[in-house]
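First the structure, in the form of structure tokens, and then the observations on it.
Every number here is computed from the coordinates shown, using simple stated rules; none is lab data. Only a predicted model underlies this, so the values are computations on that prediction, with no experimental measurement involved. Here the Cβ is made from the backbone with ideal geometry for all residues, glycine too, and neighbour counts use every protein chain on show.
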Amino acid sequence: MRKGYRVKATALFLACVVFLFLFFGKKGKIYAEASPFGWERMSSYTTYFNVEDKGRCENISIAAALIDGATVQAYGEFSFNKTVGRRTAEAGFRQAKIIVNGEYVLGVGGGVCQVSTTLYNAALKSGVAVTEYHPHSLRVSYVAPSRDAMVSSECDLQLYNPYSFPVCITAQVFEGGLRVTFYGKNEGDRYEIISNILCEVPPPAPIVKEGNTDEIIRSPKNGVKSEMYLERYKGEALVSRKRMRTDEYRPIQGIIAKKVAQPTNKIPFSACLFGEKLL
């Protein structure tokens, strides 16, 4: 009986060792590599999403887990697409809404752009340079205009670490939110992102379709032209202010249904009276 107990205890111990290795091994290596720099927090940025959209939530969680713990070495580069990989069903990504040619359609990996966008904003606030980004064709709800970073099989988000020390990226998903944080060495700089809407772009006249009832199938929405500035502070003193980008997001054309009057074969009452008089 004592022998059986020892076997169980040994098995439990080995299981705990394997768990600790798998759970902490990756991050333990990362933190050990950069321990000389103290791992100070450089920046953090949070966006929010609808927890009812299960497919989108799952895609955000998968992409966030894939960038969590990534290290960008001193003067090194980071590619979102190389880190996350292809967004396929085989990789676990599910169907959710994506934007294609100015239209919302279902596609595998919908929601991953929220991860790249959150990473983009955290990178700017840390002083890490963005060397490649792409805006959406439509304005998105989870970030202000000119603060988005769309990714696809052909469009990447790429970063460059201008510092003499590596930086570590963490990404945590919580109930209804995603937070991306950069760690490295805090040199006292603070970055603020300023988004301005320059003007609104009205949508074209709505598309009218025949239907059984009068209804709005898709509400129209104005597009916008916008710009984004990046400000750098030392303490409370503004050191620099640079316009980083200008963008134009398409308007959304409305679609309405109009009830079509059904044709009738009945003879009008007035025609019956007129015929009766002729007789």
Problem - DSSP-assigned coil residues among GluC sites (Glu not before Pro) in region 181-236, each with at most 15 further Cβ atoms within 10 Å - result: Glu187, Glu236
Practice task
Distance between Cα centroids, region 215-241 to region 144-196: provide it in whole Å.
Solution key: 16
Problem - Count, lysine Cα pairs under 26 Å in region 38-278, 8 or more residues apart or across chains - result: 24
Practice task
Based on a Kirkwood Rh over C-alpha pairs, give the Stokes-Einstein translational diffusion coefficient of region 38-278 at 20 °C and viscosity 1.002 mPa s in µm²/s.
Solution key: 104
Exercise for the section: Normalise the Cα radius of gyration of region 122-263 by 2.2 N^0.38 Å (N = residues in it) and let me know the number. Expected result: 1.46
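Quick one: dipole size for region 38-278, taken about the Cα centre, charges +1 on Lys/Arg Cβ and -1 on Asp/Glu Cβ, in debye to the nearest 20. Working shown, then result.
Details: 29 positive and 26 negative charges, 81 e Å.
So the magnitude is around 380 debye.
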